[in-house]
Amino acid sequence: MKISYLSDEFFGRLETMALNLRANLAGFFGGKHLVRTYGQTVEFADYREYMLGDDIRRIDWNLFSRFEKYFLKLFTDERQMHTQIFLDCSASMGRENPKKQAYAVGVAAALGFLSVHNMDKVSFNLMKENGVENPYGTIVGKTSFFRAISELENVEFSGETDIAACVTGCPNTGTNDGLSVIVSDFFTDSDWKKAVDYLSYKKRQVLFVQVLSPEEIDPLYSGRINLIDIETSSLTDPRNMKLKITRSMQIAYEEALRDHQAALKDFCTSRGADFITVDTDTPIEKLLFGELLKVGIMA
């Protein structure tokens, strides 16, 4: 049975929220994101003294009559942000777990909706093997958005994904014009740190969203089992093994997972990026209104 989180009620509950960009933005005009530079909106911000070459139409003549000096009116500037969502389409993200796959798509769709709802652009970059696919182009407006997500729910999750190669090889990444989100379980041998460094170099705000199933957080296996790596194409792959699961092995797994998550968070923090982890039993709205508010991505 196909699982879907996407509905009119789901998107309706998101309409009161907006994505927040901490850094100054060098995107296109016409959005809703206030930046620290001055622009052409109707909202007054400040005054400064007139300098040769300034637009004389912006001189405040009332101040001139009082101080016999020329002062310009300064107005706020609003820019359009480009949200780039990188969705890990590897097998571990849902080939055998429809709920995890649907959850990852739901998170990507929710972040995309918040972008177009606030007059921003959004791109869905599907990470497969060592490259990205962007079958929907750069999306502006809700009509194009809903057409894209109706297809996004049918994306196939298979194989492995090299996150670093996908992100660094993505065309039209843009510079200092918005938010880059990577949605993945980050169960990968690829050097994901290169992806953070590359996006930081491009002066984009970065968010890692780690999606895990409850079974991945707290495995309930015991006894003798065969562990098969779902992303391998061969049953003889050395990553596949037969094991007798003991309590000490379960404890070791829990510690290894905590260490992995700590490494992700610490490295992201060192680069000014954000990292959150969520299990698929958590409502997506709680993720958005809770965790993303805490890190300042939501406003």
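The values are calculated or read from the model by the stated rules, or taken from the named source; none is laboratory data. What you are looking at is a predicted structure, and each value in this text was computed from that prediction instead of being measured. Methodologically, a virtual Cβ is constructed for each residue, glycine included, from the backbone with ideal geometry; neighbour enumeration extends over all protein chains shown.
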Notebook entry, point to check: Of the conditions (1) closer than 30 Å to Glu216 by Cα; (2) surrounded by fewer than 19 Cβ atoms within 10 Å (Cβ to Cβ); (3) hydroxyl-bearing (Ser, Thr, Tyr), Ser92 fails just one. Which one is it?
Noted result: (2)
Notebook entry, point to check: Quick one: how many residues across segment 116-133 are exposed (fewer than 15 other Cβ atoms within 10 Å of the Cβ) and in contact with a Pro (Cβ under 9 Å, 6 or more places away or on another chain)?
Noted result: 0
Check: Assuming Gly106 fulfils every condition listed in (1) buried (at least 22 other Cβ atoms within 10 Å of the Cβ); (2) touching a strand residue (DSSP E or B) at 6+ places or on another chain (Cβ under 8 Å); (3) more than 24 Å from Ser200 (Cα to Cα) apart from one, which condition is it?
Finding: (2)
Check: Restricted to segment 247-299, and to residues that are touching a Gly at 6+ places or on another chain (Cβ under 9 Å) and not aliphatic (A, V, I, L, M), which residue is surrounded by the most Cβ atoms within 10 Å (Cβ to Cβ)?
Finding: Asp274
Item checked: segment 144-201 - residue that is among the acidic types (Asp, Glu) and part of a helix (DSSP H, G or I) and, of those, surrounded by the fewest Cβ atoms within 10 Å (Cβ to Cβ) -> Glu151
Next item on the list: Starting from residues that are outside any strand (DSSP E or B) and either of a type outside the set (Lys, Arg) or closer than 29 Å to Val116 by Cα (or both), keep the ones in segment 69-94 and report whichever is modelled with the lowest pLDDT.
Entry: Gly94
